[in-house]
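The values are calculated or read from the model by the stated rules, or taken from the named source; none is laboratory data. As the structure is a computational prediction, the values presented were derived from the model and not from experiment. Cβ atoms come from the backbone with ideal geometry, glycine included; neighbour counts cover every protein chain shown. The accessibility values were calculated without ligands, DNA or RNA, using every heavy atom of the protein model including side chains. Shrake-Rupley method; radii C 1.70, N 1.55, O 1.52, S 1.80 Å.
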Amino acid sequence: ADGTSFMKEYERVEADPLAGIGQLTGIRQMDDALKGSKRGELWTHAAFTGGLKSTFAINWHYNQSVYYRHSTILFSLEMPYRQVRRILVAIHTAHAKFKDARARFGIKKCLHYEKIRDGELTPEEKEFLKIVVADLGDPSNHYGNLHIEVTDPDKSDFTITDLRSKAELLYSKDPAILMLTIDHAGLMSSRN
């Protein structure tokens, strides 16, 4: 009974190639093969501890916000907000738009996360960091909003109901949100 609606969906995607494109990761091989995650799809990325699942998720959200200008929600259930924010800023220091500024300050590729975390930047690196942070807050860049949500330290668990309530609240304030990631789902509690 779905034949008619299925063909309409196919013809819409055929007529508009962008209709079949989802939220791209920024990893060429994945994006070429999968064309991004589409609305309503669930992707599960699994790996052992240290398998870069969180790094992949944060990079994906960064790419969505900065390069594709989409708003997203990242539920970080194991890393605190400040850690995720530092990682995002460290990633942004490698953006191609800062090539001349990096050269001016004698920075090769990017600022190292550890030096940002530990407050060990040289005076030149600190000046460069100020430029990068100002860029992230500049509304004229039209970056998508990257909502970082962490668990409430006063709660002993975080459930699907909690996640859904928070996501719906954020979506009501920012209907441009196109992607949600849970890092990681294994830390969520179930009610039943």
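Couple of notes before you dig in:
- Label sites at M7 and Y67, each approximated as a point 7 angstrom past Cα along Cα to Cβ, lie 3.8 nm apart.
- Looking at segment 1-121, the accessible area is 66 square angstrom per residue; that uses a 1.4 Å probe and ignores ligands, DNA and RNA.
- Listed residues T72, T122 arranged by accessible area, highest first, probe 1.4 Å: T122, T72
- Taking amide H atoms as placed 1.01 Å from N in the peptide plane, the amide H of S71 lies under 5 Å from those of N145, L178, each 5 or more residues away in sequence or on another chain.
- Share of carbon and sulfur in the accessible heavy-atom surface of segment 35-153 [1.4 Å probe, %]: 54 percent
- Selected from I148, I58, I107 as most flexible by GNM, with the chain as the system and alpha-carbon contacts under 10 Å: I107
- Efficiency of FRET between D16 and E124 - r from beta-carbon atoms, R0 30 angstrom, step 0.05: 0.05
- Counting all C-alpha pairs of segment 1-101, share separated by more than 22 Å (%): 44 percent
- Rounded to whole numbers, the Karplus 3J(HN,Hα) couplings from phi for segment 123-134 are x, 5, 5, 5, 5, 5, 4, 4, 5, 5, 5, 4 Hz, using 6.51 cos²θ - 1.76 cosθ + 1.60 with θ = phi - 60°, and x at Gly and Pro.
- By the Stokes-Einstein formula, at 1.002 mPa s and 20 °C, the chain with its Kirkwood radius over alpha-carbon pairs has D equal to 114 µm²/s.
- Treating r as the C-beta distance of D100 and R28 and R0 as 30 Å, the FRET efficiency rounds to 0.75.
- Among the lysines of the chain, pairs at least eight places apart or on separate chains and with Cα atoms under 21 Å apart come to 20.
- Per-residue extension of 0.36 nm, minus the Cα-Cα distance of N141 and L169, leaves a gain of 7.6 nm for this segment.
- Largest mean-square fluctuation among D118, D32, D174, in a Gaussian network model of the chain whose springs join Cα atoms under 10 Å apart, belongs to D118.
- Theoretical FRET efficiency, 1/(1+(r/R0)^6), r = Cβ-Cβ of T55 and I131, R0 35 Å, to 0.05: 0.90
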